[in-house]
Amino acid sequence: MNLVEAKNIWKIYGDSIILENLNFTMEDGEFCTLVGPSGCGKTTFLRMLLGIEQPTKGKLYFEGKDYPKEPSDERGIVFQRYSTLSHLNVIDNVIIGLEFETSKFFGKLFGNEKKKAHEKAEEILKAVGLQDAREKYPHELSGGMKQRLSIAQSLVKKPKLLLLDEPFGALDPGISLDMHELLLDIHSKLNFGVVMVTHDISEAFKLGTRVLVFDKVKVDEKYPNRYGSTIVNDIDSSSKRGTRTSL
Amino acid sequence: MKRLINQVPSKTTNLFLGLLPFLLIAIVYISSSNARLAENPNDKLLPSIEKCIDSMSTLAFEKSKRSGEYVLLNDTLSSLKRLAMGVGISALFALLVGIAIGIIPYVTSTLSPLIWFFSLVPTMALLPILFIVFGLGEVSKVVLIILGVAPIMTREIYQRVKEIPSEQIIKVQTLGASTWQIITRVITPQILPRLIDAIRLTLGTAWIFLISAEAIAATEGLGYRIFLVRRYLAMDVILPYVIWITLLAFLIDFILRIFNQRLFPWFGKE
């Protein structure tokens, strides 16, 4: 069964066509990177996968069923910014996902349950390299550490699909490289699907098992919004994975 | 020579410059007061500092012959009680309603026009209605403060809720949070320091309503006192009372600011 399946998807706002006739399928464990010029609808597509936008026309399925119309804990997200909770320290930012699940009313765990949640969170913090920052608040973390924390928050929920919206776009190049290692490492251990929007093509080839290129097929010079984008190229990049290609 | 906008005073100069206007006012006051008193020792308009201190210590440290109470203490406590009740209830209302209209679209549609309407009503115009409905007692004074302050505070909280990045709200949904959990674990804790700020912002307005209500109908209170002694042109009481009210306002603001810094170390940082 496909994790995600999109059939003839269109997205139209008023008289602007953003996406047209988009077809796409992906399976568990695939790492799809979306590239293309800015304004080509790759973020719109990601927002559909998140569940906060719905296609105007066409069919979208998650695990063979109708796509959920709001975000849920099956699909994690890491945005470029603002994904961490500024009023909680690192460890509380991670266990909050577990607290939401177990403590419906208070949203907070106490005693033995809290201890167990802490152990789980510690493990994940170690995996993302934040074990020494557990008591810090997000404003005390660097940009890269904030993104590590945001990844940790999602990992604790064991999502089936992890969505990344230009997660390293605001980081220094050296830090991005560290984050690539981290992401490849986590992805090889846990077999979940990833869809990542990026504008860095070498990053797309380095991380993805598939690189999907978004662009318009037809261009109208006078009315740029007359035609929408679609996936114009679907490149298998699993063989080159982990190596840095120079373009 | 550096541009004027780039010339920054040193720490001592800064302190001196800050105190200078106060000093000048004091000098102008004392010299004019002295001049008037030299002409007419019974002049009431600009009483000497000694006279003010004298009158105030009677009100502060001697029991009133009529009621057997310390007048200044009694006035201060009853005014602060009204202020605390008015502002406290407003803050609670603003927190509950502001968050609800900020995050639940159906509540936004239902309540936000109403709150907007109420925040435009000139509150003082409602005072006669309050006196008719609630009588001349404590309730109408507290309600006046609430009507004057709660809509502004609610709009402020609503704005602050809207400012929480949508990314954060989406993120916690992907961590499995329900609406209730988003309100209690994500929105409310982040809004609390902003609520304290909203209280600081509206306290000035709350004082206006308090003193107005006390001036019209009360038997004790800071506003009542200054309007009472106005009949005798008792500037030696009015001036120190005004300074005392200002000092109280400053102290409350200062305490709330410290409270915010201590309790929410993450606030205002990103």
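What the table below lists for this structure:
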read-out	value
Residue selected from region B:134-143 under the condition more than 14 Å from the chain's Cα centre (by Cα) and buried (at least 20 other Cβ atoms within 10 Å of the Cβ), by the criterion farthest from B:Gly204 (Cα to Cα)	B:Ser140
Residue that is buried (at least 20 other Cβ atoms within 10 Å of the Cβ) and not assigned by TED's automatic domain parsing to the domain that holds A:Asp236, where the choices are A:Leu141, A:Leu207, A:Leu98, A:Leu164	A:Leu98
Qualifying residues in region B:187-199 (those that are hydrophobic (A, V, I, L, M, F, W, C), closer than 30 Å to B:Lys141 by Cα and within 11 Å of another protein chain (Cβ to nearest Cβ)) - the one surrounded by the most Cβ atoms within 10 Å (Cβ to Cβ)	B:Ile191
Considering residues of region B:256-267 that are without any contact (Cβ under 8 Å) to a residue 24 or more places away in the chain and surrounded by 11 or more Cβ atoms within 10 Å (Cβ to Cβ) only, the residue nearest to the other protein chains (Cβ to nearest Cβ)	B:Trp266
Residue tally, condition loosely packed, with under 10 Cβ neighbours inside 10 Å and among the hydrophobic types (A, V, I, L, M, F, W, C), over region B:20-55	2
Residue, farthest from B:Ser178 (Cα to Cα), within region A:122-144, restricted to residues that are away from chain B (no Cβ under 14 Å) and without any contact (Cβ under 8 Å) to a residue 40 or more places away in the chain	A:Asp132
Filter result for the condition that a residue is away from chain A (no Cβ under 14 Å), aliphatic (A, V, I, L, M), surrounded by fewer than 22 Cβ atoms within 10 Å (Cβ to Cβ) and under 28 Å from B:Val242 (Cα atoms), over B:Leu80, B:Leu95	B:Leu80
Test result for B:Thr184, closer than 27 Å to B:Lys269 by Cα and surrounded by fewer than 18 Cβ atoms within 10 Å (Cβ to Cβ)	yes
Hey, B:Thr202 within 14 Å of chain A (Cβ to nearest Cβ), assigned to a helix (DSSP H, G or I) and more than 30 Å from B:Glu69 (Cβ to Cβ) or not	no
Members of region B:122-156 found to be at pLDDT below 90 and not in a helix (DSSP H, G or I), listed by number	B:Gly135, B:Leu136, B:Gly137
So B:Leu46, is it within 27 Å of B:Leu210 (Cα to Cα), in contact with a Ser or Thr (Cβ under 8 Å, 6 or more places away or on another chain) and at pLDDT below 95	yes
Which listed residue is in contact (Cβ under 8 Å) with a residue 24 or more places away in the chain and not hydroxyl-bearing (Ser, Thr, Tyr), from B:Leu247, B:Leu203	B:Leu203
Check on A:Leu184, modelled with pLDDT of 90 or more and within 14 Å of another protein chain (Cβ to nearest Cβ)	no
Qualifying strands (runs of 3 or more DSSP E) (wholly inside region A:11-121; at least 3 residues being of a type outside the set (Phe, Trp, Tyr) and within 13 Å of another protein chain (Cβ to nearest Cβ))	A:75-78
Residues (among the basic types (Lys, Arg), farther than 27 Å from B:Val139 by Cα and assigned to a helix (DSSP H, G or I)) located in region B:33-91	B:Arg36, B:Lys51
Some residue of region A:146-157 being more than 21 Å from the chain's Cα centre (by Cα) and within 13 Å of chain B (Cβ to nearest Cβ)	no
Pair list, Cβ under 7 Å, 6 or more apart: region B:117-137 residue free of Cβ contacts under 8 Å to residues at least 24 places away in the same chain, other residue not polar (S, T, N, Q)	B:Leu126/B:Leu147; B:Leu130/B:Val143; B:Leu130/B:Leu144; B:Phe134/B:Val143
Count - residues of region B:157-183 that are under 29 Å from B:Ser90 (Cβ atoms), assigned to a helix (DSSP H, G or I) and within 10 Å of another protein chain (Cβ to nearest Cβ)	8
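Per-residue answers, yes or no, for (1) modelled with pLDDT under 90; (2) of a type outside the set (S, T, N, Q); (3) buried (at least 22 other Cβ atoms within 10 Å of the Cβ); (4) in a helix (DSSP H, G or I):
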{"site": "A:Ser154", "(1), (2), (3), (4)": "no, no, yes, yes"}
{"site": "A:Ile175", "(1), (2), (3), (4)": "yes, yes, no, yes"}
{"site": "A:Glu221", "(1), (2), (3), (4)": "yes, yes, no, no"}
{"site": "A:Arg226", "(1), (2), (3), (4)": "yes, yes, no, no"}
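The values are calculated or read from the model by the stated rules, or taken from the named source; none is laboratory data. On a predicted model such as this, the values are computed, not experimentally measured, just so you know. Because the Cβ atoms are built from the backbone with ideal geometry, glycine has one as well, and the counts that use them run over all protein chains shown.
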